[in-house]
Each structure stands twice: as C-alpha cells, then as structure tokens.
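S.K.: Please read through the structure below; I'll follow up with questions.
Laboratory data are not the source of any read-out in this text; all were calculated from the coordinates shown. Source: prediction; values computed, not measured. Here the Cβ is made from the backbone with ideal geometry for all residues, glycine too, and neighbour counts use every protein chain on show.
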Amino acid sequence: MTQPLPGIEHVIVLMFENRSFDNVLGGLYPQKSQQGSYYGLKGNEWNPNPRSNNEPVYVWQGPTGHSTMVMPYPDPGELFSDMHEQIYGSSGKGPETMQGFVANYLRQPPSPDGVSPVAKNIMQYYAPGPAGNVPITSALASAYAVSDMWFASGPVQTLANRIFAHCATPSVYHKNGAVCAVLNNTDITDRCFDPDGSVLDKPVFKLLDDAAKSGSWPWPNRLAWKVYYHDWPLSAFVKYVDDNWATFEDGRVYQFDNGEEGDFPHDVANDLPTYCFIEPRYTDYFGGTPNSNHPGGSTIDEAPPAISVCHGETLLKFVYSTLYNGPRDLFAKTLVIVIYDEHGGLYDHMPPPKAVSPFRAGFVSGYDYSHYGVRVPAILINPFIQPNTIFRPPPEGHAFDHTSITSTLRAQFGLGGPLTKRDQYAPTLTNLINPPQPRNPFSPDKLPAFTCPPGAPVAARLPEAGPRPGSIAAVIKQAIESPRNQERVRRLKETSGQ
C-alpha cells in the first residue's frame, strides 16, 4: 500500500474522554460555520425541553471560568440506550434528529453532592481563542488541522470505542447461546472479575510487532509501540496489551511522566516508539488531578471535585511542547492525533452516518455497528500541515472514525491486515501532510498563557454509594481491586509517593 503520510516515522494518539465535536470545536470558525465550509455551530441549533412544554433550549457559549470548565455536571448519560435517545429523540426510531440530548440529560441522577442536571448545560459549547475555556485546544486546532467529519466508532460507551481504536471491533460476548457485540462497559465488567486482559481480539499492536520482527522493518532497534498511562491503562483490557504489562520493566506499557527511564519525556529525548498511545488520568486514586476531560466527579467514587477541562489543556500543551522540542527534528517525522473516544452525552448537531459493520452478516445479535457514534473532536498536528486546515475524508467514501487510525498505520508501516471489515474500508489520512510545502512556523511559545482557576469548594456530600455501575471510575476500581493486580497497585502507589 502507498504510504499516506510522507516522511512520517511516528504516530502519537492522545485520546481524551467524552466530549462532542460541537462542545469542544463547534465554535472554532464561526464565519465558516455560517458559510457552510466548516461543519460547526451556527447558533440556532436547539433541543426541546420536555419539562417546559418542549420550549427550545439553544446552544450557547459559557463564560470563561471554572463553572464552565466543569460543565456539564453531573455526568451525562452514555449508555447505548441513552445515546439512542439522544440521536433519535423520544421515539427511539429514525430519522436521526439529534433532538434527545436535553430530555435524556434531565433524566440522569444527581451527582454525589446533590447537584441535579440543568437543561441548558448539555447544550453549552466552548469559545475559542486565548480568552476561552479551551485555549490550547483551539490554538492547535487552528494552527494545524481539525477534522469536522470524525465520528466515534459506535454510539456506545468508552470501552467499546477504545477497543475499536485498538482492534477495529468492539469485541463480542456470549449470552444465552447468542453472540452479542459489546455495547456498554458492563458487557465486559459484569462477565469478568478482573477485566484486564479480557478482550482477546487481535490489536494493531500485534500487527506492529509482527512487522517489526520481519526483515523489512526499517527500525530494528526501536520499540514498535508503547502505551503511556497516568493512573490505569484501559488499553490493558486487550489481552495483548495486558500481556506486555506483565512487569514494570518491560517498557511496553509505562507511566506517562514519572521521571524515570521509559516515560514519555525520556522516550522523546531518546528513541520514541513507532506508535504511541497516550491515556489521560481518569481518577485521582493514585494522586494527581484527573486530566481526561470527562464530565463528572474526579474520585474513584465519582465524587467531587469535578473534572475540569483546564487540566486536559495542560496535558495537551505538555505533549505538544515536549514533542516540538525533541531532538533530531523528531516533530517533523511525527503525526499527533488528538481525539476523544466518544461524545459522552454532550450535544452535537450532525447525525452519525452509516458505517461498515465490523462483523459478517448475521454474526451478532442485536446491534451490529452499522452506524457510527456521535461526532467527536479531532486535531491533527505536524509541521507540514498548513494553518487553518479543515481535513475531511473523500466525499465518495466513509467518514473518519477511530479505525482510520488503524487503516492509516497499516498503510504507513506495511502492517498487512485488515483486522476487520471496519478498518478495511476506513479512510486513511492520505493528503494530510505535504512535505514540499513550507513548514508551519507555529511553536509552543505562541500558545496562549493560562492557569487553571481554583475549583469551587466541595459541597456536603450525600452518603457515599460508590461509582455508578459501568462508569469508567467503576471499571478502574474493579481492576484495581482485582487480586491479580495488587502488585501493580503497590508499585503505582510507590511511584506516586503513597
């Protein structure tokens, strides 16, 4: 296959959590949105409020400050059934009206400290620019490329979408003699006392290793891939990744920035793996402030303080600055993909298009993933991408989704495949990078200065009931409490000073 990314030797994916395209990037290019050349918000998009005679609730930009950075709070609904209502409305049937976000949010339970959902907060979107709430995201999106046609792989929760990013399938399970596609997180966790290593599907990491062992691999002394994590790697749900996390010295699954040999800054300064997948900090269990951008509480019990997008901005700035300042012109040879796993219940106005199912006809009962999920933010960074690029797939083909990462890696590095029908037909990032063009002069010193404002005092909490079943906090808590993982937990507490 022809290489889609000329001159690229490294691909880095930084995958945040649970934000829609409209919420993060819908306001990036207001004039282009009005003209229709950018699929952002025009300002007249709305949802009916069933508690006020279906009065319209319009999209709006929140003021800069902590209260908007933690919005929406409490966490919106993200089960398959929630997303079905958000997309199709109260009828639960076609067409895709995108009119069920407010109604679904108002039915969600209060937060642990007693805050109830507010209708308009699910329709809020962030203002761009240095005075906005996502200054780094908007600066990098406008300095390089943004895709306004990148969708979650399915209208499902975090785990299935993240498994898609690795395996081009959400995986399956067996129930009452039927083969069912994984939809909700509990489809995995309810069947596995220890969810780590429970997904047996072949991942792109295996394809990379196989290629690295071949005689044609151009970098025989370089790691083919690495997962960098902060508190717990959800990638370890894939058995192949979990098997490479057997010890802390093997160097394939490593803490992002622990000041030791093998973390991300060390590898940038020495020899960065060919493919890097970066996971944010989901909870504060091992110390530190969550930077996943996931709405809701930051503790392992989903209690306050609420997670602020400001800390995700800090992580993004660190990744960009570290890579930009790497040796041997590393930045020019690296593509950074900043993506979100799913929309997390936040409003987006664009209906998800039809997709190629990763399964053969009739293989799974129930949902076969013949549609994408809701649109998610996607930023593409490399010095040979020109400013203000709006990057889309060819109009005659399919939309971008997380399996476009897999299809691009397979084509770029000669990995063979495909893993499933989904990545077989997923468009690659061809024509994104054009080395003969002048280099983009944007540098970290041009990023806006910002500091994260102090959070509001935590209100009195309701009696602790633990995390909601199937939430990311619940998933990580289940993994942490597994007897098999106690040595990992001990080592992580050691490195975090606990």
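S.K.: Please turn the phi angles of region 288-304 into ³J(HN,Hα) values with the Karplus equation 6.51 cos²θ - 1.76 cosθ + 1.60 (θ = phi - 60°), one per residue in order, whole Hz, x for glycine and proline.
M.R.: With coefficients 6.51, -1.76 and 1.60, one gets x, 9, x, 10, 7, 6, 5, x, x, x, 9, 8, 5, 9, 6, 8, x Hz.
S.K.: I've got another one for you. Multiplying the sequence separation of GLN3 and ASN44 by 0.36 nm and subtracting their Cα-Cα distance, what value in nm do you get?
M.R.: 10.6 nm
S.K.: How large is Rg/Rh for region 106-188, to two decimals, with Cα atoms and a Kirkwood Rh?
M.R.: 1.11
S.K.: Within a 10 angstrom radius of the beta carbon, how do VAL204, VAL364, VAL319 rank from fewest other beta carbons to most?
M.R.: VAL364, VAL319, VAL204
S.K.: For region 367-430, what does the relative contact order come out to in percent, with C-alpha contacts under 8 Å and a separation of six or more?
M.R.: Over region 367-430, the number comes to 31 percent.
S.K.: Here is a follow-up. Tell me the label-point distance for the pair SER116, LYS175, using the 7 Å Cα-to-Cβ offset, in nm and rounded to one decimal.
M.R.: Taking the two extended label points, one gets 3.2 nm.
S.K.: Hey, got the dipole for the chain? About the Cα centre, +1 on K and R Cβ, -1 on D and E Cβ, debye to the nearest 20?
M.R.: 880
S.K.: Pairing rule first: another cysteine's C-beta must sit under 4.7 Å. Under that rule, which cysteines of the chain stay single?
M.R.: Those would be CYS167, CYS180, CYS192, CYS276, since no other cysteine Cβ in the chain comes under 4.7 Å of theirs.
S.K.: Mind giving me the FRET efficiency for ASP271 and LYS354? R0 is 35 Å, r the Cβ-Cβ distance, nearest 0.05 is fine.
M.R.: Efficiency computed from Cβ-Cβ geometry: 0.25.
S.K.: Just order 416-422, 235-241 by mean Cβ neighbour count inside 10 Å, highest at the front, would you? Write down the numbers at each step before the final one.
M.R.: On the way: 416-422: 20.1, 235-241: 23.4.
Descending packing order for the listed peptides: 235-241, 416-422.
S.K.: Cα gyration tensor of region 54-176, axes a ≥ b ≥ c as square roots of the eigenvalues: rounded (a/c below 1.5), prolate (a/b > b/c) or oblate? Each step should come with its number before you reach the end.
M.R.: On the way: a/c = 1.71, a/b = 1.19, b/c = 1.43.
Since a/c reaches 1.5 but b/c is at least a/b, the shape of region 54-176 is classed as oblate.
S.K.: Further question: Of the DSSP beta bridges with both residues in the chain, give the percent that are antiparallel, rounding to the nearest 5.
M.R.: About 40 percent, rounded to the nearest 5.
S.K.: Express the relative contact order of region 261-339 as a whole percentage, based on alpha carbon pairs under 8 Å and six or more residues apart in sequence.
M.R.: With pairs under 8 Å counted, the relative contact order is 21 percent.
S.K.: For ARG252, ARG375, ARG360, which order do you get if you count the other beta carbons within 10 Å of each Cβ and list the fewest first?
M.R.: ARG360, ARG252, ARG375
S.K.: Next question, about the same structure. Among all the lysines, which ones have a C-alpha under 28 Å from LYS239's C-alpha, if same-chain residues fewer than 8 places away are not counted?
M.R.: List returned: LYS175, LYS202, LYS206, LYS213, LYS226, LYS421, LYS477, LYS493.
S.K.: What area, in nm² and to one decimal, does the C-alpha convex hull of region 344-498 cast on average over all directions?
M.R.: Reported value for the Cα convex hull: 16.9 nm².
S.K.: Scan around TRP225 for amide H atoms under 5 Å from its own, H built in the peptide plane at 1.01 Å from N, and keep only partners 5 or more places away or cross-chain.
M.R.: THR274, TYR275
S.K.: How high is the FRET efficiency between ALA332 and LYS213 when r is their beta carbon distance and R₀ equals 35 Å, given to the nearest 0.05? If you can, show how the numbers build up before the last one.
M.R.: Values: r = 28 Å, r/R0 = 0.79.
Plugging the Cβ-Cβ distance into 1/(1 + (r/R0)^6) gives 0.80.
S.K.: Calculate log10 I(q)/I(0) of the chain for q = 0.06, 0.07, 0.10 Å⁻¹, where I(q) comes from the Debye formula with a single equal point scatterer on each Cα and nothing for solvent.
M.R.: Here log10 of I(q) over I(0) equals -0.24, -0.33, -0.71.
S.K.: Grab the eigenvalues of the alpha-carbon gyration tensor for region 239-330, scale each by 5, take roots, and send me the semi-axes largest first in whole angstrom.
M.R.: For region 239-330, the semi-axes come out at 26, 18, 10 Å.
S.K.: Further, regarding this structure: Only four residue types carry charge here, +1 at the Cβ of Lys and Arg and -1 at the Cβ of Asp and Glu. Report the dipole size of region 43-152 about the Cα centre in Debye, rounded to the nearest 20.
M.R.: Here region 43-152 has a charge dipole of around 160 debye.
S.K.: Now, a different point. Run the simple label-point estimate for SER496 and PHE363 please: 7 Å along Cα→C-beta, distance reported in nm.
M.R.: 3.7
S.K.: Which whole-number percentage describes the relative contact order of the chain, with Cα contacts under 8 Å and a sequence gap of 6 or more?
M.R.: 26
S.K.: Among THR314, THR189, which comes first, then next, by fewest other beta-carbon atoms within 10 Å? Intermediate values should be presented prior to the final figure.
M.R.: Numbers: THR314 17, THR189 22.
Ascending Cβ contact count within 10 Å gives the list THR314, THR189.
S.K.: Taking θ = phi - 60°, what integer Hz values does the Karplus form 6.51 cos²θ - 1.76 cosθ + 1.60 yield along region 327-344, in sequence order, with x for Gly and Pro?
M.R.: x, 6, 6, 4, 4, 5, 9, 10, 9, 9, 10, 9, 9, 10, 6, 7, 7, x
S.K.: Would you grab the residues whose amide H sits under 5 Å from the one on LEU5? Only those 5+ places off in sequence or on another chain, please, with H modelled 1.01 Å from N.
M.R.: When sequence neighbours closer than 5 places are left aside, there are no close amide H contacts.
S.K.: I'd like the FRET efficiency for ASN431 and ASN325, computed as 1/(1 + (r/R0)^6) with the beta carbon distance as r and R0 of 45 Å, rounded to 0.05.
M.R.: 0.95
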